[in-house]
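Comments concern the structure below.
A short reminder: the numbers here are calculations on the coordinates, not readings from a lab. Remember, it's a predicted structure, so these values are computed and weren't measured experimentally. A quick note on method: Cβ atoms are made from the backbone with ideal geometry, for glycine too, and the neighbour counts reach across all protein chains shown.
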Amino acid sequence: MGRATFYVTTPIYYVNAAPHLGHAYTTIAADVLARHHRQRGEDVFFLTGTDEHGEPVKLAAEREGVTPAELADRNFARFRDLAPQLGATNDFFIRTSDAEHKAKVQEVLTKVKENGHAYEGTYEGWYCPRCADFKTEREIDEGNTCPIHHIDLVREHEHNWFFALSSFQEPLERLFADHPDFVRPRSRYNEALSFIKAGLQDVSLTRRKLDWGVTVPWDPDQVFYVWWDALLNYYTALSYAEPGEDLTARFWPANVQLVGKDILKFHTIYWPALLMAAGLPVPEHVVVHGFLLMDGEKMSKSLGNTLDPFEVIDRFGSDALRYYLLRDVSFGQDGSVSPGAFEERYERELANEYGNLASRTLAMILRYRDGVVPAVRHDDILDPDFDGLDVRVAELLDAAELTQALDGIWACVRRLNRYVEEQAPWQLAKDPAQAGRLDTVLASLAEGLRVITVLLQPWLPATAERLLAALGSPDDALEAARLGARRVSTVQALDPPLFPKREA
């Protein structure tokens, strides 16, 4: 048998404006999962990209006096360039304007029609041009406004092709019953199931009034509704991401698809129904995270309340941003972010707790043992805290509990700091009779620091690489994340320190 595979996706991001911290948040979360599964020795594929069609992009282009294609080309580059600056290790960056994507969309949606799930009809109802979403009555705020963008909805009347979503009422209910972890967390599962049980209505498959999109092969005067075009990127990318090779059989269905709660309906209801209609397997898990909030509102380009991830990275580095977003906001929930909270986490936890632990450990081994780690067993007193930690972290990440997994590792960072204070190696060093005890303490600190650094690698990749190199033990495989699993023999000093102090 070949290696186990793991396929993780982010939503694709609208190119109607430049990226902000909310986009970085999802990309970082996906990268944590991708890196962790690589640590497990799995064959990983990580996809992200840009959503370039539809009305939001067309309207933004009109406001700027450029064509949609020009706007897409300009802003796509910003999203593409953000990923490596975040330390993201995506295997492919898809654009829905790719010719290969458009051809595959036409192929799949033609199959949906041939399977009897598309028909002509007239739509009339409320529509949000920023969401690119036809709203049901239970999704409309008072005064016929959008609950997300707080703008007036538009009353649309169009003759389109429809997708027979209502015919998938029972198949979707069975999917949710048979796979209670299909949507995570449970609160989002309940939200999606409630929407299904309220009764599904057929929805537009195409748009007649737009020309910025994927042309409908059997009706060239129309384009596919942007959400179908966008959703299919997760499937189409595999067919051309690797030149000369189709990866679909190897990686589909996706293991984890990360989305924000504002697009829950599309990913947990429309998306599996569409795949069923095309005769394709549905994803294993759709993981829905909450909003990053500023001033009580979702961080959004259209609302103007964003933080620039590029500025944060320039000042503090990408690892600090990765850590803060997945430590301060419990993944899956809404959470407030602020520059003040970021700087407090940076100084108290990254600089003082982890960075200082690393500096002290290396400095004491260099001072008291000339950089040679004593070849003795670690202190048994640490076993209760470290035993099974790698298994617990893996289980939490399998459940998409990214914050809880990080919390568990951080508890051991603090345990090692307490161990330093309890054992006081600087006092042991003064007494030649305590040389053996000092050996045990120094070896235990080096080994404990190595283990937590291996486990922190998905969150703090650049930091982990530096520190594991200083410890002379670069192996970051998950199987190495156990006390005694590897041997630290010599250490080197860290210059500069891992998280130097910054001006507020």
query = Under a no-solvent Debye model with one identical scatterer per Cα of segment 247-402, what's log10 I(q)/I(0) at q = 0.08, 0.10, 0.11, 0.18 Å⁻¹?
reply = -0.41, -0.62, -0.72, -1.22
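Tally Lys and Arg at +1 and Asp and Glu at -1 over the other residues with C-beta under 11 Å from the C-beta of residue 89: what net charge comes out?
0
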key: Long-range amide H partners of residue 254 with built H, under 5 Å   = 284
message = Report the gain in length on full extension from residue 110 to residue 433: 0.36 nm times residue separation, minus Cα-Cα distance, nm rounded to one decimal.
response = 108.2 nm
ask   = Loop-only check: which trypsin sites (Lys or Arg not before Pro) in segment 374-455 are DSSP coil with at most 10 other Cβ within 10 angstrom?
value = 430
ask   = Cα atoms only, segment 338-480: Rg and Dmax in Å?
value = 15.5, 51
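Sorting 207, 369 on the 10 Å Cβ count, fewest up front, what's the list?
So the residues, fewest neighbours to most, are 369, 207.
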GluC sites (Glu not before Pro) within segment 167-269: DSSP coil, no more than 16 neighbouring Cβ in 10 Å = none
key: Dipole magnitude (debye, nearest 20) for the chain, charges at Cβ of Lys, Arg, Asp, Glu   = 1020 debye
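Going by C-beta contacts inside 10 Å, put 23, 179 in order with the fewest on the left. Please report the intermediate quantities before stating the final value.
Numbers: 23 25, 179 14.
With the sparsest Cβ surroundings first, the list reads 179, 23.
So, R0 is 25 Å and r is the distance between the beta-carbons of residue 333 and residue 415; what FRET efficiency does that work out to, to 0.05?
0.40
Can you compute the FRET efficiency between residue 383 and residue 475 using 1/(1 + (r/R0)^6), with r the Cβ-Cβ distance and R0 = 22 Å? Round to the nearest 0.05.
Once the sixth-power term is evaluated, E becomes 0.55.
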message = Ignoring everything except DSSP H segments at least 4 long, calculate the 222 nm mean residue ellipticity for the chain; use -39,500 (n - 2.57) per segment, divide by total residues, nearest 500.
response = -13000 deg cm²/dmol
query = Along the charge dipole of the chain, which of 480, 105, 446 sits closest to the positive end, that is, farthest toward it, with unit charges on the beta carbon of Lys, Arg, Asp and Glu (+1, +1, -1, -1)?
reply = 446
Diffusion constant of segment 62-177 at 20 °C, which comes from Stokes-Einstein with the Kirkwood Cα-pair radius and 1.002 mPa s, µm²/s = 118 µm²/s
Net +/- balance of residues flanking residue 198 in space, Cβ distance below 12 Å, scoring K and R +1, D and E -1 = -1
inquiry  = As I understand it, the dipole of segment 338-480 uses +1 on the Cβ of Lys and Arg and -1 on the Cβ of Asp and Glu, about the Cα centre. Which of 406, 468, 373 lies farthest toward its positive end?
reply    = 373
query = For segment 10-168, with the dipole built from +1 on Lys and Arg beta-carbon atoms and -1 on Asp and Glu ones, taken about the Cα centre, which of 145, 60, 76 lies farthest toward the positive end?
reply = 76
Charge context of residue 427, other residues only, Cβ under 15 angstrom, K/R +1, D/E -1 = 0
query = For the residues 318, 338, what sequence is obtained by ranking on other C-beta atoms within 10 Å, fewest first?
reply = 338, 318
Sequence ranges 465-471, 28-34, ranked by mean other-Cβ count within 10 angstrom, highest first = 28-34, 465-471
note = Bridge orientation stat for the chain from DSSP, antiparallel percent rounded to 5, came to 55 percent
task = Determine, from the Cβ-Cβ distance of residue 186 and residue 391 and an R0 of 30 Å, the FRET efficiency 1/(1 + (r/R0)^6), rounded to the nearest 0.05.
result = 0.85
